[in-house]
Amino acid sequence: MTTRTLVHWLEDVEDPRDGPGLKHDLTELLVVAVCAIIAGAQSFTDMAMFAQLRLPWLRRYLLLENGAPSHDTFGRVFRLLDAKRFERAFRGWIGSVVGAAQLEHIAIDGKCVRGSRDGERTPVHLVSAYATRLGVMLCQERVADKSNEIDAIPAVLDALALKGCIVSIDAMGCQREIARAIRERGGDYVLAVKGNQEKLFNALSGFFGATERGRIERLMPECYVRTIEKDHGRIEERRYWLTQDVLKRVDTNAWPDCHQIGMVEAICHTGKGEPSMQRRYFITSAQCDVKDFARAARDHWRIENSLHWSLDVTFLEDACRVRKDHAAHNYATLRRFALNLIKLDISLPKTSVRSRVKRAEWDEDYRTHILQIKPLISA
């Protein structure tokens, strides 16, 4: 069976326009938009300039019978395009790429597209699911106005195949209904616990006092692990504890299949003054060892320092002023199409995302390689 390419998935997106005066095919316009963002475009004006300057290259793969679309055309289409249907094409495409791969760990977190604020209208806020080992985003869900991430997380979970996966969520998602939804879909949860679950937080923080931590290290060394990392002049020491001892103090009936609790103590030495320390507490349904717990807790932050960082630093998402109607949401989806395409490329394993974007801007062959598009007429 032949795998459907990105272009084929974009063909499924319904055209919001009607009437006899349409000059540009929707699928072609969407492909041009993705190409432009991979090459560094940050606005509809940039898209139109890319299409105009790269028209000979684009016509190797697309008809573009009426030439390059204008910035007004790009803006109008993305303002009208149904964001949920466009998102559905994204999910179908990345699902076909990932296929039956064992994802192992999925991190879920939210991100605000700050530049999309429009007067009294709140900025677009998206909750994303990120496959930490593969380095790609799996799906996203927009948080409804006057709502929060708690309401969007169940929709994200519904879009995922969770069997055999560990799902990590920060304290906002530490909710009984969310834990139950993960277990019902065959996954295990690792949920951060903070003051929004006061009784649970007090039980965990009270248990992980110095006496209990020392006892776990002495009597149950298999429940404790320590790591040290050196980076940019800092030394980061992390200590991980995982145990079932506190479960008798927690109402486990309220937290489905809660098997263990854990703590991470992060100590940062900069060489200037006293080291800083932060403690984080977790509950988990996973019957894993402390090394697997440490990896899940550590890997969760890849959604921040890889996905969100790349969107803000490389694609300048927060600086983007696209904000009318559905345009901000759709433009955010375009960036995620582009970032996933770049991350999925294994031909330059030691090259940064920013360098790959620059190469896609300057190197036509590399741009073609990333997009996996075929010429209209074989040579």
- Using the Kirkwood radius built from alpha carbon pairs, what does the Stokes-Einstein equation give as D for segment 54-122 at 4 °C and 1.567 mPa s, in µm² per second? 79 µm²/s
- Plugging the Kirkwood radius over Cα pairs into Stokes-Einstein for segment 248-379, at a temperature of 10 °C and a viscosity of 1.306 mPa s, what D comes out in µm²/s? 82 µm²/s
- For segment 113-153, what are the per-bin percents of Cα-Cα distances with bins 10 Å wide, up to the bin holding the maximum? 29, 42, 25, 5
- So how tilted is helix 83-98 from the main axis of the chain? Cα-based, degrees 0 to 90, rounded to 10. 70 degrees
- Can you figure out the FRET efficiency of A144 with H8, using R₀ = 45 Å and their beta-carbon distance, to the nearest 0.05? 0.90
- Message: Pairwise over distinct Cα atoms, reciprocal of the mean inverse distance: report the Kirkwood radius of segment 302-347 in Å, one decimal place.
- Response: 11.3 Å
- Mean residue ellipticity (222 nm) of the chain, computed from DSSP H runs ≥ 4 via -39,500 (n - 2.57), nearest 500: -11500 deg cm²/dmol
- For the chain, the percent of accessible surface on carbon and sulfur atoms (probe 1.4 angstrom, ligands and nucleic acids excluded) is 49 percent
- What FRET efficiency do you get for D15 and A319 if R0 is 30 Å and r is their Cβ-Cβ distance, rounded to the nearest 0.05? 0.50
- Query: Taking only protein heavy atoms and a 1.4 Å probe, what accessible area per residue, in Å², does segment 97-220 have with all protein chains in place?
  - Reply: 44 Å²
- Task: Starting from the Cα-Cα distance between D245 and M220, subtract it from 0.36 nm times their residue separation and give me the gain in nm to one decimal.
- Result: 7.9 nm
- Tilt of helix 290-299 relative to the longest C-alpha principal axis of the chain, in degrees (0 to 90, nearest 10)? 40 degrees
- Item | Kirkwood-type radius of segment 122-188, with distances r between different C-alpha atoms, in Å | 12.4 Å
- Residues in segment 77-92, backbone N under 16 Å from the label point at L344 (7 Å along the Cα-to-beta-carbon vector): list them, ranges by number please. 87-92
- Eigenvalues of the alpha-carbon gyration tensor of segment 15-150, times 5 and square-rooted, give semi-axes in Å, largest first, of 29, 21, 14
- Nearest 10, in degrees from 0 to 90: the angle of helix 210-219 to the longest Cα principal axis of the chain is 90 degrees
- Using the 2.2 N^0.38 Å rule of thumb for compact globular proteins, work out how the chain stacks up: its C-alpha Rg over that value, please. 1.11
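The values are calculated or read from the model by the stated rules, or taken from the named source; none is laboratory data. Just so you know, these numbers come straight off a predicted model, no measurement behind them. Backbone-built Cβ (ideal geometry, glycine too); neighbour counts: all protein chains shown. Ligands, DNA and RNA are stripped out before the accessible areas are found, and what is left, the full protein with its side chains, is counted by its heavy atoms. Shrake-Rupley method; radii C 1.70, N 1.55, O 1.52, S 1.80 Å.
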